[in-house]
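Okay, so here's the structure we're looking at.
Throughout, read-outs are computed from the coordinates displayed, never taken from laboratory work. Here the structure is a predicted model, which is why all the values come from computation and not from measurement. Cβ coordinates were reconstructed from backbone atoms using ideal geometry, including for glycine residues, and neighbour counts include every protein chain displayed.
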Amino acid sequence: MSASAIFVLDLKGKVLICRNYKGDVNMAEIDHFLPLLMQQEEEGLLCPVLSHGNVHFMWIKHSNLYLVATTNKNSNASLVYSFLYKIVEVFTEYFKELEEESIQDNFVVVYELLDELMDFGFPQTTDSKILQEYITQEGTKLEVAKSKVPTTVTNAVSWRSEGIKYKKNEVFIDVIESINVLVNANGSVMSSDIVGSIKLKTMLSGMPELRLGLNDRVLFALTGRDKGKTVVMEDVKFHQCVRLSRFDSDRTISFIPPDGESELMSYRINTHVKPLIWIESVIEKFSHSRVEIMVKAKGQFKKQSVANNVEVRVPVPSDADSPKFKTSTGTAKYVPEKNMVVWTIKSFPGGKEFLMRAHFGLPSVENNELEGKPPITVKFEIPYFTVSGIQVRYMKIIEKSGYQALPWVRYITQSGDYQLRTNV
């Protein structure tokens with residue numbers, strides 16, 4: 001990877017804190033970063049990698065900060081960016097909010113973290129739970145007995161501490177799927193896919209080994225079982241605890257879990273998805289007079305399922321005023337700063353249809369600015385339901401003390417990038 005140094009800058013380009021890992025890039029090179037960035041912004045050519053001579057700046061912006069890694073080698077850019085986002089994640093775990101003030105208030109802890117996160121340009125311990133065992137925000141006390149590094153850092157299982165004990169041993173498994181759908185103005189689905197993740201909340205004593213079984217089509221083909229519904233998962237990414245060699249050989253997801261909450265895996269299913277909430281809209285614009293909007297929402301999922309906290313966001317012209325609404329259920333609200341109507345339905349049963357009408361006045365003077373045609377977007381969450389049909393077939397928990405543990409499974413489907421284009 002080889003990042004030579006990491007800098008945290010404010011929005012004016014002033015260095016708040018930095019760490020030089022390799023010493024092969026002049027630290028004064030960072031002075032060229034903000035002028036380069038502003039020049040590219042003016043030209044409309046903003047790029048995630050900026051170069052000055054043979055020095056490259058890889059940067060991300062978070063809140064009112066720039067996090068910048070410098071290098072003069074042909075480094076693995078994707079790994080550097082993963083590391084920068086990991087820094088944001090770790091700092092947020094420590095300081096709740098990562099912004100200029102939290103860096104200034106915690107200089108000592110930030111320096112300690114930068115020392116542990118990376119060594120000679122290569123990522124080291126990046127798990128915030130493990131870091132919190134020996135880098136604390138309390139005042140440091142010189143006690144020889146407590147000065148040794150936790151075994152987790154040098155352990156083969158660096159993501160889990162030894163000696164964890166719970167009175168009640170349980171594992172909570174959340175299978176969360178987000179649906180991305182793009183529907184054109186004629187009502188045809190142009191693109192759709194499912195992005196899923198399996199999240200764990202582990203409350204287990206000792207060093208248990210877990211084995212998770214899914215209705216994976218490749219596994220069923222390997223074992224000669226073709227019964228029941230199966231899914232084909234693509235772009236599968238695992239937490240570092242999963243034994244990849246075991247998964248490659250027999251598709252078994254075997255691992256020693258981190259304690260507490262973690263994301264075990266994420267996946268994508270590239271399939272044609274029928275929009276779960278179908279929207280039909282008629283938007284009539286009468287020049288210099290008014291806009292009439294009629295939106296019909298229909299639940300295209302099983303009758304026994306219910307979508308919660310549904311939000312249908314309908315764009316309206318920026319010069320619209322005097323809103324009037326009529327809904328068959330839920331509430332409609334005009335959000336002028338975003339030029340949209342938000343129709344909120346707390347509970348939306350499958351197979352039901354609801355209607356919303358809106359009336360807006362338009363000024364008598366024509367707005368000369370050309371406006372785009374933003375799509376209608378929908379937000380929702382359906383518990384106890386997955387679109388892909390993915391299932392947790394079993395969860396085996398093996399621990400040398402032989403205790404019994406309960407696995408709990410919950411399925412949730414939610415909207416991802418869910419857009420329906422309109423004619424007006």
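Data for the structure
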quantity: Region 296-357: relative contact order in percent, alpha carbon pairs under 8 Å with at least 6 residues between; calculated: 52
quantity: Hits among lysines - C-alpha to C-alpha of K324 under 18 Å, sequence gap 8 or more where chains match; calculated: K285, K296, K333, K338
quantity: Estimated FRET transfer efficiency (V49, N184; beta-carbon r; R0 35 Å; 0.05); calculated: 0.50
quantity: Farthest toward positive dipole pole in the chain [+1 Lys/Arg, -1 Asp/Glu at C-beta], among I164, L200, N215; calculated: N215
quantity: Label point distance in nm, E133-E100, each placed 7 Å from Cα along Cα→Cβ; calculated: 3.8
quantity: Dipole moment magnitude, nearest 20 debye, the chain about Cα centre, only Lys, Arg, Asp, Glu C-beta charged; calculated: 2360
quantity: Helix-derived mean residue ellipticity, 222 nm - over the chain, DSSP H n ≥ 4, -39500 (n - 2.57), to 500; calculated: -5000 deg cm²/dmol
quantity: Neighbour cut-off at most 10 other Cβ (10 Å), DSSP loop, GluC sites (Glu not before Pro), region 269-368; calculated: E366
quantity: Longest DSSP-loop-exposure-free segment, trypsin sites (Lys or Arg not before Pro), the chain, at most 11 other Cβ within 10 Å; calculated: 304-399
quantity: Positive-end residue of S254, Q404, L67, charge dipole of the chain with Cβ unit charges; calculated: Q404
quantity: Length-normalised contact order of the chain in % [C-alpha pairs under 8 Å, at least 6 apart]; calculated: 15
quantity: Sites W408 and V232, calculated FRET efficiency, Cβ-Cβ separation with R0 30 Å, nearest 0.05; calculated: 0.70
quantity: Mean projected area (nm²) of the alpha-carbon convex hull when the chain is viewed from all directions; calculated: 27.4
quantity: Inter-site label distance for Y166 and Q40 at 7 Å from Cα along Cβ, in nm; calculated: 4.5
quantity: Residue pairs, from the table K129/K167; K167/K396; K165/K396; K237/K303; K237/K373; K199/K352, whose Cα atoms sit over 28 Å apart; calculated: K237/K303; K237/K373; K199/K352
quantity: Separation of alpha-carbon centers, region 153-222 and region 312-358, rounded to whole Å; calculated: 35
quantity: Using a Förster distance of 41 Å, the FRET efficiency for V88-V342 (Cβ separation, nearest 0.05); calculated: 0.90
quantity: Aspartates and glutamates with Cα under 19 Å of K14, excluding same-chain neighbours fewer than 8 positions away; calculated: E29, D31, E41, E99, E100, E101, D105
quantity: Spacing of the two label points (7 Å from each Cα toward its C-beta) at S197 and V335, in nm; calculated: 2.2
